[in-house]
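In what follows, a structure is listed as structure tokens, so that the remarks can point back to it.
No value in this document is a laboratory result; all are computed from the given coordinates. Not measured: the values here are computed from a predicted model. FYI the Cβ positions are ideal-geometry reconstructions off the backbone, even for glycines, and counts take in every protein chain you see.
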Amino acid sequence: MRPYSAAVSGDAFAEFERAGWERAASRYEEYWTDTVLFVEPLLDAAGVRTGSRLVDVACGPGFVSETAAARGAQPVGVDIATAMVERARMRCPDLPFVVGESPRANGRRNASTMEACARLSSEPG
Ligand SMILES: C[S@@+](CC[C@H](N)C(=O)[O-])C[C@H]1O[C@@H](n2cnc3c(N)ncnc32)[C@H](O)[C@@H]1O
């Protein structure tokens, strides 16, 4: 899979983030599973339920998408790090995940979440 290149957009912060998460991906679930604790409250807050079409921004290994799908929602996960998307696809082979910096979902979505990602871009606003 061709890695996403934030350098194309000229966003040095995004590229810094991407490079770090590419390295961390293989050990993410070993150290970062605490984020799972927040998934249900996050989905509740976003009103995700059966039939919701959700964009799971900064999806990492797919915890939010996985839980949303268990609720009957139709998630698509988006992450800047190719290695993270590969982990998500491995963990949840029936769900869609794409490499990217912004939601590139097909069709209309009616909910979006972003868990444990403090900043998406160095662009203001
Ligand atoms: C701490 S992890 C959170 C993963 C997952 N949401 C969770 O709760 O476990 C942060 C994720 O944000 C992704 N990320 C960072 N900057 C991003 C950006 N500009 N666009 C998309 N994903 C980004 C990283 O690649 C990483 O997978």
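Taking amide H positions as placed 1.01 Å from N in the peptide plane, with prolines and chain starts having none, which residues 5 or more places from V55, or on another chain, fall under 5 Å of its amide H?
Correct list: V76, A111, S112, T113.
Which whole-number percent is the relative contact order of the stretch 46-105 (Cα, under 8 Å, 6+ apart)? Write out the running numbers ahead of the final one.
Working: 123 pairs, mean separation 20.8, N = 60.
Relative contact order of the stretch 46-105: 35 percent.
When S65, S26, S52 are ordered from fewest to most other Cβ atoms inside 10 Å of their Cβ, what list results? Can you show the working numbers first?
On the way: S65 28, S26 12, S52 18.
Fewest-to-most ranking of S65, S26, S52: S26, S52, S65.
F97's amide H: which non-local residues (gap 5+, or another chain) put their own amide H closer than 5 Å, with H modeled 1.01 Å from N in plane and none for Pro or chain starts?
G77
For M114, M90, what ranking results if the residue with the fewest other Cβ atoms within 10 Å of its Cβ goes first? Intermediate values should be presented prior to the final figure.
Numbers: M114 16, M90 11.
In order of increasing Cβ crowding within 10 Å: M90, M114.
Go through the stretch 18-108 and name the trypsin sites (Lys or Arg not before Pro) that are in a DSSP coil and have 12 or fewer other Cβ atoms within 10 Å of their Cβ. Could the numbers behind the result be given before it?
On the way: sites: R18, R23, R27, R49, R53, R71, R87, R89, R91, R104, R108; in loops: R49, R71, R104, R108.
Listed in order of number, the matching sites are R104, R108.
Set the Förster radius R0 to 30 Å, insert the Cβ-Cβ distance between R71 and W32 as r into 1/(1 + (r/R0)^6), and round the FRET efficiency to 0.05. Walk me through the numbers on the way to the answer.
Values: r = 22 Å, r/R0 = 0.74.
The pair R71/W32 has a calculated efficiency of 0.85.
How much length, in nm to one decimal, is gained on full extension between D94 and F13, taken as 0.36 nm per residue of separation minus their Cα-Cα distance?
Extra length available between D94 and F13 comes to 26.0 nm.
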